[in-house]
Amino acid sequence: MSTYSYPKFAYRISAEQEAGRLARHPVVVIGAGPVGLTAALDFASRGIPTVVLDDNDTVSVGSRAVCYAKRPLEIWDRLGCAAPMVEKGISWRIGKVFFEEDLRYQFDLLPEPDHKMPAMINLQQYYLEEYLVETCAASPLVDLRWKHKLISLHQDSDVATLTVETPDGVFLLEAEWVVACDGANSDTRRMVGAEFTGQAFMDRFLIADVVMKAHFPTERWFWFDPPFHRNQSVLLHRQADDVWRIDFQLGWDADPAEEKKPENIIPRVKAMLGPEADFELEWASVYQFACRRIDQFRYGRVIFAGDAAHQVSPFGARGANSGVQDVDNLGWKLKLVLDGIAPERLLDTYHDERALAADDNIAHSTRSTDFITPKNAMSRRFRNAVLELAGAHPFARPLVNSGRLSMPTPYLHSVLNTPDEDAFAGLMAPGTACADAPVVVDGREGWLLPLLGQGFTVLTFGDAPVSAIEAGAVRAGVLRVGHDLLDVKGLLADRYDAAPGTTYLIRPDQHVAARWRTFDPEKITAALRRAIVA
């Protein structure tokens, strides 16, 4: 039984196919999943007309990705679609880890208050995609084309030519840039001959989404070697509509076809919840996973994002969350290149920064997987000793790894950063995603991050001699704390280690590019030029 009614999106023949003419578009996105739809919205928010091609005509089947972290929610908030996600989703911040029957460790994802977005929400992917589609449909700059399948791609120095199949036949279209968001089995990746390498894990897991009224708290619960599923692991957390996600580790010898049968799933769930448990099975899947990435995120006119560029295990909710941050990194750079303001080599920094993030996520995910699924007796003894000690000894708790949950990777060594010349405390080093904080603007309570992100911004604590900094055709508006916005709780100054005169240059993706203890227009201009590799 499914609690969700899947929409069908109408196929329409495009004007160019109907007229038999060859049209050139600034950007064509391949794939209307969470990453492709977010890419279209980001590009549109920057004034880039975007065509999205998808070979399907509905949202993803099954809940699939369910955990969305604070940073992607902040990105979707900037794009105008986070509110229904947060309203429908299940917010949580506490995770608990059990060994056999005993609670051994718990963590808090948001130990400090006063952030607009929650630490994490659980929301079925089909709802997330539906909200993204609705927002795309409302944008005049997003052209969503359903039942459009890319079947081949040819690149020249200044354009890519795509062969696309639709219910009305095959036609050609051109794109200055192609952004491939077509998933782990990306056809686009194959078309450009990209390498996709890494480690496949010899284990299998069963996902069972069950509908039930339960009294479990809204927390993430993870069991190692529970009595109801011996020698394996189990994960439980709640989604919208009283749907609960349960992940059962099965082992490599499990038969996926057999394990997906309801008559085999239901006894596992009853062993966990009790024989009298009242539930209905909504969706199930058996998966094997890999940790791998593409060798280059850019192949000529084709740029890869999301699972088309990198894969991780599901432990830590790093897949979709990382993909959304990919396109957040890409959009402003693509806009400057399309407008002729920045050279194409700015797009190479997309690979530099997001390959770093992919490698970081793969490392975290691999360590989680090795802890959850030890491959030899020594590893298992180490893991069990850590779990035994964690209950009473704080030193062991950081070693417990049931999936380090998604956090944004700072680009600390990016060529776009201007290194610090002054001493700063705290986390807001160049390359880091900006922390949110409560502010007051025009007498109304609000938040810092919605004031950033449409372009470069100079955030200064105090007055400034100019209202904007310009470097060629790039303009950074000045936002003055104490004048344009008020730091009524002092948290903005605290999180940015600010004193009077402290100044930050912030990129359009809400990452710090540079910071100083005084407002110096010449230094800010130089940092702005550096941030666009001018």
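The values are calculated or read from the model by the stated rules, or taken from the named source; none is laboratory data. As the structure is a prediction and not an experimental result, all values here were calculated from the model. Neighbour counts run over all protein chains shown; Cβ positions are idealised from the backbone, glycine included. Calculation scope for accessible area: heavy atoms of the full protein, side chains included, ligands and nucleic acids excluded. Shrake-Rupley method; radii C 1.70, N 1.55, O 1.52, S 1.80 Å.
Entry remark, the stretch 267-292: residues being farther than 16 Å from ALA208 by Cβ and open to solvent by less than 40 Å² (accessible area, probe 1.4 Å) number 3 in total. Scanning the stretch 85-133 for residues that are under 18 Å from the mean Cα position of the chain (by Cα) and open to solvent by 50 Å² or more (accessible area, probe 1.4 Å), we see that the one that is modelled with the highest pLDDT is LYS116.
Pairs linking a residue in the stretch 137-157 that is over 17 Å from ALA15 (Cα atoms) to a residue that is part of a strand (DSSP E or B) and open to solvent by 60 Å² or more (accessible area, probe 1.4 Å), with Cβ atoms under 9 Å and 6 or more positions apart or on different chains, are LEU150/GLU165; ILE151/GLU165; ILE151/VAL170.
Conditions tested, residue by residue: (1) touching a residue at least 12 places away in the same chain (Cβ under 8 Å); (2) over 30 Å from GLU259 (Cα atoms); (3) crowded, with 23+ Cβ neighbours inside 10 Å; (4) polar (S, T, N, Q).
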position: ILE294; (1), (2), (3), (4): yes, yes, yes, no
position: PHE297; (1), (2), (3), (4): yes, yes, yes, no
position: PHE304; (1), (2), (3), (4): yes, yes, yes, no
position: ASN321; (1), (2), (3), (4): yes, no, yes, yes
position: ASP326; (1), (2), (3), (4): yes, yes, yes, no
position: PRO343; (1), (2), (3), (4): yes, yes, no, no
position: ALA358; (1), (2), (3), (4): yes, yes, yes, no
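Condition first: of a type in the set (Gly, Ala, Ser), open to solvent by 20 Å² or more (accessible area, probe 1.4 Å) and outside any loop (DSSP other than H, G, I, E, B). Now tell me which residues in the stretch 200-222 satisfy that.
The one that is of a type in the set (Gly, Ala, Ser), open to solvent by 20 Å² or more (accessible area, probe 1.4 Å) and outside any loop (DSSP other than H, G, I, E, B): ALA200.
Collect the residues in the stretch 1-56 that are on the phi > 0 side of the Ramachandran plot and buried (at least 16 other Cβ atoms within 10 Å of the Cβ), keeping them in residue-number order. Of everything in the stretch 1-56, just one residue is on the phi > 0 side of the Ramachandran plot and buried (at least 16 other Cβ atoms within 10 Å of the Cβ), namely GLY31.
Within the stretch 411-422, is even one residue touching a His at 6+ places or on another chain (Cβ under 8 Å) and crowded, with 21+ Cβ neighbours inside 10 Å?
yes
Within the stretch 436-461, being open to solvent by 20 Å² or more (accessible area, probe 1.4 Å) and assigned to a loop (DSSP other than H, G, I, E, B) holds for ASP442, GLY443, GLN454, GLY455. Candidates are the residues of the stretch 462-479 that are touching a strand residue (DSSP E or B) at 6+ places or on another chain (Cβ under 8 Å) and of a type outside the set (Gly, Ala, Ser); the one that is most open to solvent (accessible area, probe 1.4 Å) is ARG475.
Of the residues screened, GLY80 is not one that is open to solvent by less than 10 Å² (accessible area, probe 1.4 Å), touching a Ser or Thr at 6+ places or on another chain (Cβ under 7 Å) and part of a loop (DSSP other than H, G, I, E, B).
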